[in-house]
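K.L.:
Please see the structure below; I have some questions.
The values are calculated or read from the model by the stated rules, or taken from the named source; none is laboratory data. On a predicted model such as this, the values are computed, not experimentally measured, just so you know. Cβ atoms come from the backbone with ideal geometry, glycine included; neighbour counts cover every protein chain shown. Side chains are part of the model used for accessible areas, which takes the heavy atoms of the whole protein and leaves out ligands, DNA and RNA. Shrake-Rupley method; radii C 1.70, N 1.55, O 1.52, S 1.80 Å.
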Amino acid sequence: MLPATPRATARPALRRLLVGAAASVAAVGSLAAVPSTAYARADAAALPSPPGGPDRDHLTVTVRNAGGGTDGTYELYCDPDGGSHPDPRGACAMLQRDTRWGRDLFAPAPEGGFCTMQYGGPATAHVTGTWAGRPVDATYDRRDGCGIARWDRLVPLLPDMKAGGKG
């Protein structure tokens, strides 16, 4: 028997590589042959869609200890604007205006930041849902200057505590 040459041992590896590449090309080609709408229909059929379409933004806002009849749980839908929120048009406009790529609109105040030692009252809020395709689960309070500023940036999604001398 003749000893194996490098060329003879390379052929099975080369054959496996070529067969694998051909199979990959065939698989990609078969995927491209199916219209993308077929995939969209399959996904849409599997998931229940909220009112107004699958891409509609929806937030639940729970406010406590804010006073002035603003306490409660509110639903907010955007595009089109609606829900039980007292000002859906204003809240959706503010959210859309302040949404920036790469920045979390609902992010907590940075750790280690310097906050003024002022108290803005006992009001708290919890916001959950989906905004701009991302999940939201954020809490708010007014226990110091950073919390007050963070709350005030989300007015009218959150109640305006300055109106009527509440803030």
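K.L.:
May I ask you to list pairs of residues, at least six apart or on different chains, whose Cβ atoms are under 6 Å apart, with the first in the stretch 65-82 being part of a loop (DSSP other than H, G, I, E, B) and the second being modelled with pLDDT of 95 or more and surrounded by fewer than 16 Cβ atoms within 10 Å (Cβ to Cβ)?
P.N.:
ASN65/PRO122; ASP71/ARG64; ASP81/ARG89
K.L.:
Another question about this same structure. Consider ALA149 carefully, then state whether it is under 11 Å from VAL61 (Cα atoms) and without any contact (Cβ under 8 Å) to a residue 60 or more places away in the chain. So that I can check it myself, show each step before the final result.
P.N.:
On the way: under 11 Å from VAL61 (Cα atoms): no; without any contact (Cβ under 8 Å) to a residue 60 or more places away in the chain: yes.
Criteria not met by ALA149.
K.L.:
Pick from the stretch 128-143 the residues that are in a loop (DSSP other than H, G, I, E, B) and under 19 Å from ARG103 (Cβ atoms): which of them is modelled with the lowest pLDDT? Lay out the reasoning, then the answer.
P.N.:
Taking the stretch 128-143 first, the residues in a loop (DSSP other than H, G, I, E, B) are 132-133, 142-143.
After this cut, where a residue has to be under 19 Å from ARG103 (Cβ atoms) as well, the list is 132-133.
On the way: ALA132: 92, GLY133: 89.
Here the residue is GLY133.
K.L.:
A further question on this structure: Need the failing condition index for GLY112 against (1) in a loop (DSSP other than H, G, I, E, B); (2) open to solvent by less than 80 Å² (accessible area, probe 1.4 Å); (3) in contact with a Lys or Arg (Cβ under 9 Å, 6 or more places away or on another chain); (4) not hydrophobic (A, V, I, L, M, F, W, C), just the number.
P.N.:
(3)
K.L.:
Another one. Among the residues in the stretch 91-107, are any open to solvent by 30 Å² or more (accessible area, probe 1.4 Å) and more than 19 Å from the chain's Cα centre (by Cα)?
P.N.:
No: the stretch 91-107 contains no residue that is open to solvent by 30 Å² or more (accessible area, probe 1.4 Å) and more than 19 Å from the chain's Cα centre (by Cα).
K.L.:
Can I ask one more? For the stretch 115-132, give me the residue count where each residue is open to solvent by less than 60 Å² (accessible area, probe 1.4 Å) and aromatic (Phe, Trp, Tyr).
P.N.:
Total meeting the criteria: 1.
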